[in-house]
Amino acid sequence: MSPHGLSQKQVEERIAKGLQNTLPPSASKTNGQIFKENICTLFNLLNFLIAIALALVGAWSNLLFIAIILLNLVIGIAQELHAKKLVDELSLLIVPKATVIRDGQEVQIPVEQVVQDDVMILDSGQQICCDSVIIEGESEVNESLLTGESDPINKSIGDHLLSGSSIISGKCFVRVEHVGAANYVSKVTAEVRSGSGLHSQLLDAMRKVTRVTTVLIIPLGIALFLEAILLRHNTLYDAIVGSAAGLLGMLPKGLVLLISVSLAAGTAKLAKKKVLVQNLYSLESLAYVDTLCLDKTGTITTGKMTVEQVIDLAPHTETDMEYWASYLHYSDDNNETYQALCRHFTPKETHEPDAKIAFSSARKWGAMRFDGYGCLVLGAPDRLLTTLPRQLEEEMEKGSRILILAKCDELPDKEGRLEAQGLFAIVLSDVLRKDVDQTLDYFRKEGVDIKIISGDHVKAVSAIARKAGFQDYQSCVDMSDVREEDLDEEFVNTHAVFGRVTPMQKKQIVTMLQKSGHTVAMTGDGVNDLLALQQADCSIAVAAGSDAVKQMSQVVLLESDFSSLPSVLLEGRRVVNNVTRVAGIFFIKTLYSVAVSLICVLMNMPFPFIPIQVTLIDFMIEAWPSFATMLEPDPAKVSGRFLSTVMRRAFPFAAAVFVSMFVLMAYSPKGDWQNTLYFVVAILSMLAVIRSLIPLNLLRVIVCVCMVVGFAAAVVLFPGLLHLTQLEAVPSLFPLTFVIALLVSIILYVLFANGRKPKQR
C-alpha cells in the first residue's frame, strides 16, 4: 500500500513556516549582476578617472572617448540582457519536476514546491532534489557526484538519500527530511551543476592583461605627469592631457566588450535553434573540441524502442507468461525499454513477488522471485547465456538490442555468477536520429574525431555505427573483457567503438583522451553518463535525458536533435576565431603605448599623442572593423593559445611604431615629428586590420573602405580638433618613415606571427 502523503492543509502549514524547498541560485545572471559586471570593471574605473582628470582642467574636446565607453556599456548590457531572456525562457523547459503524494494522489510539481515531510516517489534516472529517507521500496543510487565513488549503492527502507545523488534503478517512496538551504546539495552545488569546472582562455587572458596593465598604468601615469610638471614645467592642462593619452592607449577597452558581446550573441543565436548554453564561456570550450564522445542510445538513436520479435529459447508454459506479466507489472523500471516491453506484453498483477533486484546498468540484469514458482531474470544475452544462438548473433549484427528472459530456482547473488535457463529472447530495435549520417560525416570533414561509447553489446553498437554511416565501425572493442590497467592512452586512441562500457569506464575513456592532448566533448542522456560528462571539457545533454544530466551539462539540446551539434561547434569556433582574429589589433596600441610611455619618461619627452587622437584610432580602426565582422561565420579549427597568438600578431606592428618614433626623432625638427608618427601609426594599424580580414569578401571590403574613408574624413574635416595641423612641415619624412616601418613590420610578422606553429591546447 502506497503512503498517503501530506494533506493540502499540512502543506500550507509548512509553507507558512518556510519549510519549502528552494533551488540553488540560478546559473543565469540576474539583471543586477549584468549591470554590475558591465559597469563596475577596472577598465571602466581607470577610464572614468582619466575623464575626471581631463574635465577638471577643461580638456572637453579630449573627452570624446567617454561617449565610446558609454556606447560600449549600452551595447554590452543590451546584448547580455537579450541573451539572458532567451536562456531563461529555455531554462524553464529543463526545470526538474518532483512526483509527490498529497491527499493520497500522485501529483507532479516543480521541485521548489516540495515541502518538508512530503512523500516523494523516486524512479530510475531522477536526480534526488531533497535529503530524504526511504519509507517503502528500494533503489540503487549513484552518489558519485557527491562522494566521488562510482559504485552504485543499494538503498532500502530506513536508508537516507542525499540530494544531488541520482537513482540508477528501482523505485521507492521517500519522506523529505530537509529542504532548501538545509539540503546537502546546497553545499555542493558547484560539483553537481558545473562538473569538472569551466576553463576559459579568453577569460584567463583578459585577467592577465588586466593585472599587467594595472601594475604598469598607475606608475607610468604618475611618472608621465610628474615628468611633465617637474622636468618640462608644463601647465597642469598639458600634463594631464599628455598623461591621459598614454594611459588611454594602454587600455584594450574595446576587447573586453567584444568578448562578452560575441559570447552573448552566440548564446542567443543558439537559443533560437533550441540549444541551451548554460554558461557563456561554454561556447569557447566548444571551439577547441577535437574529439566527440557519443553515447549510442538517445544520442545517435532516438531511444524509442519497439519489440520486433520474440525468439523462443526453450519450451515455456502459460504459467511462465503469467509470471512474466506480473514481472512487468511489479517492475520499478520506467525507461524506454521497459515501456516498449509493456506495449508488446500486457502487464498483470496476478502474482506478487516476494523479493526483487532492480535492473542495473552495471549488472545488466534484474530479477524477481515469486513464491512457489522460482525466479525470473531479465538481462543482456552475454550475462545470462554462455553461448549465443546464431539467430541472436545475426540480430545483433543488424544493430538490434536483445534481452533474455530466463528462469532460475533462487534469487541470484548480485555479485555472483548467474545460472539460469533462457526461456525466450526479445528483439528490440532503436531508430536512428534524422540526418545522423550527415552529422557524423560533417564532424569527420572538420577534423573532429568520433568515439561511440555504449553499455550495449559491442556487436549491436558496431552495427548501429555502421547503419549511421560511421566509417570506423569495425574498430570496436568489448570493454567487459578489458582490464583497468589496459585502458590507457594508446588503447582509447586505437579504438573508435566501445561496447559494454561501465559508467566508470566511460569516465576513464574521456580521461585518457584528455591525457593524449585532446579536448573532449561528451554527449549523454542517462545517469550512466554522469561521470563521463563531469570529466569532459564540454558536456552536452539531450532534453529527453534524465534530470541529473540536464542540470549538470553545459549545453542542452532542447529538441534532442543530434543534427544541431554542428551548429553548436560552429558557433564556438566562430566566437573564438573572430575574437582571436581582431584581438591583435587592440593589443598593437597597448604594446606601443607602454613602450613609448617608458621612453618618454626616460628621455624627458611628452607623450606624442593626445586623447582625442587615440579615441579616433579606438573607434575607426579598432572598434568599427571588430564589431562589424564579429558575427561572420568562421568554421576553421581552432589551435594555439589565445594570448600568445594575439601577442605574436600584435608585436610586429607595435615594434614598427617604436622604430618609426626613433627614425622621426632623429631626422625631423624638434616638435614636428609627433603628427607624422600619428599617421604612420594609423596607417600601420589599418594595414593590420586589412591583414586580419584577408581573404576579403563584400562585407570586409565595405568595412575596410569605411575605416579608411572615415579616418581620412575626420582628419580633413576636424584637423584643429585633432591637433593635426603640422604635418606639412615634414612631408618628406613621412614616406621614408612609413617604408621603414612597413619593412620592419613585415619582417617581424614573418618571424613572430607566422614563424611558429601554434601548440595544440
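Could you give the Stokes-Einstein D for segment 96-185 in µm² per second, using the C-alpha Kirkwood radius, 4 °C, 1.567 mPa s? My calculation gives 102 µm²/s for D.
What angle do you read, to the nearest 10 degrees and between 0 and 90, between the alpha-carbon axis of helix 642-667 and the longest principal axis of the chain? Helix 642-667 and the main axis of the chain meet at about 0 degrees.
Order these by the 10 Å Cβ neighbour count, fewest first: Phe651, Phe443. Don't skip to the answer; put the middle values down first.
Details: Phe651 21, Phe443 18.
By the 10 Å Cβ count, ascending, the order reads Phe443, Phe651.
Could you tally the net charge around Leu693, taking each other residue with its Cβ under 12 Å from the Cβ of Leu693, Lys/Arg +1 and Asp/Glu -1? Charge balance in the 12 Å sphere: +1.
In segment 245-377, a dipole from Cβ-located charges (positive for Lys and Arg, negative for Asp and Glu) runs towards its positive end, and of Tyr327, Ile311, Leu248 it is Leu248 whose Cα lies farthest in that direction.
Each of His457, His160 was scored by other Cβ atoms within 10 Å of its Cβ. Arranged with the fewest first, they read His160, His457. By the beta-carbon count within 10 Å of each Cβ, the least crowded to most crowded order of Val663, Val179, fewest first, is Val663, Val179.
For the residue pairs Lys272/Lys507; Lys171/Lys451; Lys36/Lys85, the C-alpha atoms sit more than 22 angstrom apart in Lys272/Lys507; Lys171/Lys451. Taking the average, over residues, of other Cβ atoms within 10 Å as the packing measure, peptides 529-542, 269-282, 328-341, 475-488 rank 529-542, 269-282, 328-341, 475-488 from highest down. Shown in residue order for segment 284-294 are the 3J(HN,Hα) couplings computed by the Karplus curve 6.51 cos²θ - 1.76 cosθ + 1.60 at θ = phi - 60°: 5, 4, 4, 5, 8, 5, 10, 9, 10, 9, 10 Hz (x for Gly and Pro).
Between Lys274 and Leu721, what FRET efficiency comes out of the Förster formula 1/(1 + (r/R0)^6) with R0 = 35 Å and r the beta carbon distance, rounded to 0.05? Please report the intermediate quantities before stating the final value.
Working: r = 50 Å, r/R0 = 1.43.
Step by step, r from the Cβ atoms, then E = 0.10.
Divided by 2.2 N^0.38 Å, where N counts the residues, the Cα radius of gyration of segment 389-442 comes to 1.68.
Per-residue extension of 0.36 nm, minus the Cα-Cα distance of Glu37 and Thr350, leaves a gain of 106.3 nm for this segment. Given in Å, the Rg to one decimal and the Dmax to the nearest whole number for the Cα atoms of the chain are 32.8, 111. Rounded to the nearest 10 degrees, what's the angle between the helix 733-748 long axis and the longest principal axis of the chain, both from Cα atoms, 0 to 90? Relative to the chain, helix 733-748 is tipped by roughly 30 degrees. Antiparallel beta bridges, as assigned by DSSP with both residues in the chain, represent about 75 percent of the total such bridges.
Estimated from helices alone, the mean residue ellipticity of the chain at 222 nm is -15000 deg cm²/dmol (sum of -39500 (n - 2.57) over DSSP H runs with n ≥ 4, per residue). Computed from Cα atoms, the angle from the helix 673-693 axis to the main principal axis of the chain rounds to 30 degrees. Charges were assigned to the Cβ only: +1 to each Lys and Arg, -1 to each Asp and Glu. The resulting dipole of segment 608-721 about its Cα centre is roughly 340 debye.
In the chain, taking the dipole from charged Cβ atoms about the Cα centre, the farthest positive-side position among His351, Gly584, Ala264 is held by Gly584. Against the compact-protein benchmark of 2.2 N^0.38 Å, the Cα-based radius of gyration of segment 373-471 scales to 1.36. Its Cα centre serving as origin, the chain has a Cβ charge dipole (Lys and Arg +1, Asp and Glu -1) of approximately 3900 debye.
Separation of segment 387-451 from segment 293-353 is 14 Å, based on Cα centroids.
Farthest towards the positive end of the charge dipole of segment 428-469, among the residues Ile464, Val436, Ile453, is the Cα of Ile464, using unit charges on the Cβ of Lys, Arg, Asp and Glu.
Using 0.36 nm per residue of separation minus the Cα-Cα distance, give me the extension gain between Phe658 and Asp413 in nm, one decimal. It would help to have the intermediate numbers written out before the result.
Values: separation 245, 0.36 × 245 = 88.20 nm, distance 7.84 nm.
In short, 80.4 nm is gained.
Over all orientations, segment 304-346 has a Cα convex hull whose mean projected area works out to 3.3 square nanometres. Full extension of the chain between Thr494 and Ile157 yields a length gain of 116.7 nm, computed as 0.36 nm times the residue separation minus the alpha carbon distance.
Among the listed pairs Lys434/Lys467; Lys269/Lys296; Lys364/Lys407; Lys356/Lys459, which are separated by more than 21 Å between their Cα atoms? Correct reply: Lys269/Lys296; Lys356/Lys459.
Nearest 0.05, what FRET efficiency do Phe679 and Asp478 give at R0 = 60 Å with Cβ-Cβ as r? Before the final figure, lay out the partial values.
Values: r = 70 Å, r/R0 = 1.17.
Working from the Cβ atoms, E equals 0.30.
No lab work stands behind these numbers, since they all come straight from the coordinates. Everything numeric in this text was worked out from a predicted model, so none of it was measured. Every residue, glycine as well, gets a Cβ built from its backbone with ideal geometry; the counts of neighbours run over all protein chains shown.
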